[in-house]
Amino acid sequence: MACLTVSAADEKRVKALGFLSNKGTDNFSGRIITINGKITAAQNKCISEAAELYGNGVVTFTTRLTIEVQGIPYEKIEDFRTYIAKEGLVTGGTGSKVRPIVSCKGTTCQYGLIDTFELSEEIHERFFNGYSDVKLPHKFKIAVGGCPNNCVKPDLNDLGIIGQMIPNYDEDSCNGCKKCSIEDTCPMNAAKVVDDILEINKEICNNCGRCVGKCHFDAIEDGKVGYKIYIGGMWGKRVAHGKALSNIFTNKDETIDVIEKAILLYREQGKTGERFAQTINRLGFENV
């Protein structure tokens, strides 16, 4: 086995900068922050060059859409950081604080109900960058999903947002069709024609928006964009599904404010080493 020369103190110091030890070596993986997984072609080229110049030429991707360059010797860490800074890239994403924000491609996906890139970039700037010096009891992960398909699993994050399309149902326009296009369209079987009138079960409807514009008589001509917020999710050694707040927010600024309140509650009420889910369980969901 190789003789390791990097001290535990130095290893801890560079971990705070986003450099994770490669097992059994004095080399590290440099974690590069992306904003919801997007980088430019120029940044991509820069990362490739840096991987060859300072690492072992291997680039990997994390589950939270950051990029890691493997095999960087300890003594080349600062050179690596300087090189990628040419394209505005930084390392980080570790520690007991807000972690890089994850989002799906709801901005471009056919099922996307909200602009996930725009929202996650705003959250990134306000809370990942703006709260970078705010120490929390543990890591705090945020995910933004564009629709109830749940591709990025927002409910398994400390705080998750799922885009909604709340259908505006005009019962007076319903013609009670024997073959109802809304009933046929609904993937949740929440819409049923009963006694010649369409009924939508709000307990089953997940506001996916598939029904909007499908009625030939314009009974659901449009809908209202919303944000469903889950708190207290986590995965790993312990797994917890987040619980949804009772309100579906229809204002983006209110949604951002809820994120801030959740982070501040965690900072003030959480115990060191405790995940947000555990804080919520200890305090009681109804008291949060």
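Ordering 261-271, 25-35 by mean Cβ neighbour count within 10 Å, with the highest value first, yields 25-35, 261-271. From the C-alpha coordinates alone, can you work out the Kirkwood hydrodynamic radius of the chain, in Å? Its Kirkwood hydrodynamic radius stands at 21.2 Å. Of the peptides 129-138, 109-118, the ranking by mean beta-carbon count within 10 Å, highest at the top, reads 109-118, 129-138. In the elastic network of the chain, a GNM with C-alpha springs shorter than 10 Å, the most mobile of Met188, Met165, Met234 is Met188. Seen against the Cα atoms of the chain and their longest principal axis, helix 41-54 is set at about 30 degrees.
Counting only residues at least eight positions apart within a chain, or on another chain, the aspartates and glutamates with an alpha carbon under 19 Å from that of Lys228 are Asp115, Glu118, Glu121, Glu122, Asp155, Asp158, Glu203, Asp253, Glu254, Asp257, Glu260, Glu286.
In segment 8-85, the alpha-carbon atoms span a convex hull of 88 Å³ per residue. Once you've got the Cα coordinates, tell me which of Lys179/Lys252; Lys15/Lys86; Lys12/Lys76 are over 27 Å apart. Over 27 Å apart, Cα to Cα: Lys179/Lys252. Over the C-alpha trace of segment 36-131, radius of gyration and Dmax come out as 14.8, 47 angstrom.
Can you show me the helix-derived [θ] at 222 nm for the chain, built from DSSP H runs with n ≥ 4 at -39,500 (n - 2.57) apiece and divided by the number of residues, rounded to the nearest 500.
Value at 222 nm, helices only, nearest 500: -7000 deg cm²/dmol.
Across the chain, C-alpha contacts under 8 Å between residues 6 or more apart give a mean separation that, scaled by the residue count, equals a relative contact order of 14 percent.
The 3J(HN,Hα) values that the Karplus relation (6.51, -1.76, 1.60; θ = phi - 60°) gives for segment 138-145 are, in residue order, 7, 4, 9, 9, 10, 9, 10, x Hz. Gly and Pro appear as x.
Rule-based calculations on the coordinates, nothing more; no lab input. Predicted model, so just to flag it, every value in this text is computed and none were measured. Every residue, glycine among them, receives a Cβ derived from its backbone with ideal geometry; neighbour counts consider all protein chains shown.
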